[in-house]
1. Could you grab me the full set of residues in the range 115-131 that are in a strand (DSSP E or B) and surrounded by 18 or more Cβ atoms within 10 Å (Cβ to Cβ)?
2. Test each condition in (1) at pLDDT below 95; (2) more than 24 Å from the chain's Cα centre (by Cα) for Asp208 and report the one that comes out false.
3. Looking at the range 132-169, which of its residues are among the small types (Gly, Ala, Ser) and buried (at least 22 other Cβ atoms within 10 Å of the Cβ)?
4. Please go through the range 1-16 and give me each residue that is surrounded by 10 or more Cβ atoms within 10 Å (Cβ to Cβ) and either modelled with pLDDT of 75 or more or touching a His at 6+ places or on another chain (Cβ under 7 Å) (or both), ordered by number.
5. Which number in (1) in a loop (DSSP other than H, G, I, E, B); (2) hydroxyl-bearing (Ser, Thr, Tyr); (3) at pLDDT 95 or above; (4) within 29 Å of Val227 (Cβ to Cβ) marks the one condition that Tyr112 misses?
6. Collect the residues in the range 47-68 that are small (Gly, Ala, Ser) and either under 25 Å from Phe110 (Cα atoms) or not in a loop (DSSP other than H, G, I, E, B) (or both), keeping them in residue-number order.
7. Check off (1) buried (at least 18 other Cβ atoms within 10 Å of the Cβ); (2) under 17 Å from the mean Cα position of the chain (by Cα); (3) outside the structural domain of Leu39 (by TED's automatic domain parsing) for Glu107 and give me the number that stays unchecked.
8. Quickly run through the range 229-246 and pick out the residues that are among the charged types (D, E, K, R) and either in contact with a Ser or Thr (Cβ under 6 Å, 6 or more places away or on another chain) or within 17 Å of Val147 (Cα to Cα) (or both).
Amino acid sequence: MNIPPARDQAMPDVQSAKDRRGVHIDRVGVKDVVYPIRLRSMDGGEQTTVATINMYVSLPHTRKGTHMSRFLDVLNEESAEPLTPARIPGVASAIRRRLDAEEAHFEASFTYFIKKTAPVSGRVGLMDYKVRFECTSNSHDDFIMGVTAPATSLCPCSKEISLYGAHNQRCHVEARVRFSEMIWIEELARMLESSASTEVFAVLKRPDEKWVTERAYENPKFVEDIVRDLAVRLNHEDRVTWYQINSENFESIHNHNAYAQITRDKRAGRRGGAGGGGASSASRTPGGSRARRKG
């Protein structure tokens with residue numbers, strides 16, 4: 001195979017050309033990069049899984065394009081193989097510097113596994129949870145951890161009006177949090193599960209199934225109840241400075257889903273808050289490092 005000589009010096013840099021349309025781009029970059037990530041678990045072990053990574057920068061109105069290959073260069077240069085949560089703020093900061101951008105965004109989504117013990121038989125199985133890390137590097141560096149846990153909801157109205165039984169279904173309970181001190185994925189997953197009518201398990205024998213069914217019936221919750229109970233829990237969790245939570249119930253008697261969401265900024269003492277900024281001065285990553293405010 002004949003390889004032509006390198007011509008980098010002679011090649012025009014089209015991306016760096018001027019653009020005259022006067023339109024700033026909020027985010028431009030690469031999506032769906034598959035990359036290994038290693039995490040410490042709450043029991044002292046380690047877990048390696050596969051993340052889907054998105055990386056973006058802001059692009060000024062004067063510049064025609066960004067340099068897509070540099071995102072991958074930075075990811076491979078700045079992160080050990082595999083990536084760890086503690087390295088994510090450094091990767092985001094390096095992307096911002098390398099691409100000479102005002103702001104850089106790094107997102108990693110992956111499946112995390114937690115061992116769960118069945119309530120009666122004691123059988124152990126692996127439950128999967130969806131986890132997402134979001135990091136922004138600008139004048140106010142920011143880190144958000146999101147966890148989605150499957151659970152069960154049972155309708156209070158259905159229970160009240162029916163002579164027997166009540167409609168119930170799986171639900172997904174999600175929390176995105178900013179935090180000042182370390183919170184384990186396992187801790188947040190447990191908070192999510194405990195806010196529903198009952199949790200779900202990977203392995204259930206008949207005595208376990210009876211327990212789960214009766215537990216849900218004794219603990220009916222609307223989608224509104226789930227997010228309110230979770231909000232109360234997070235309001236009392238001093239490590240959490242901001243949260244956005246939701247529950248989606250996959251209704252068993254309807255062809256639509258039920259949904260509720262709450263967003264609170266505890267530092268400001270108000271509803272809502274900065275959905276994509278406003279980081280605390282020292283927001284920890286799950287790996288233990290801090291995403292610090294510059295200034």
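The values are calculated or read from the model by the stated rules, or taken from the named source; none is laboratory data. Note that the coordinates shown come from a computational prediction; the quantities given were computed from them, not determined experimentally. Cβ: placed from backbone, ideal geometry, glycine included. Neighbour counts: every protein chain shown.
1. Narrowing the range 115-131 to residues in a strand (DSSP E or B): 115-117, 124-131.
Across the range 115-131, the qualifying residues are Lys116, Met127, Tyr129, Val131.
2. (1)
3. Of the residues in the range 132-169, the ones among the small types (Gly, Ala, Ser) are 137, 139, 146, 149, 151, 153, 158, 162, 165-166.
If the condition is that a residue be among the small types (Gly, Ala, Ser) and buried (at least 22 other Cβ atoms within 10 Å of the Cβ), then Ser137, Ala149, Ala151, Ser153 are the ones that fit.
4. To start, the set of residues in the range 1-16 that are surrounded by 10 or more Cβ atoms within 10 Å (Cβ to Cβ) comprises 13, 15-16.
Hit for the range 1-16 is Gln15, nothing else.
5. Only one criterion is unmet by Tyr112, namely (1).
6. Answer for the range 47-68, where residues must be small (Gly, Ala, Ser) and either under 25 Å from Phe110 (Cα atoms) or not in a loop (DSSP other than H, G, I, E, B) (or both): Ala51, Ser58.
7. Here Glu107 meets the rest and fails (3).
8. Keep residues of the range 229-246 that are among the charged types (D, E, K, R), which gives 229, 233, 237-239.
Correct list: Asp229, Arg233, Glu237, Arg239.
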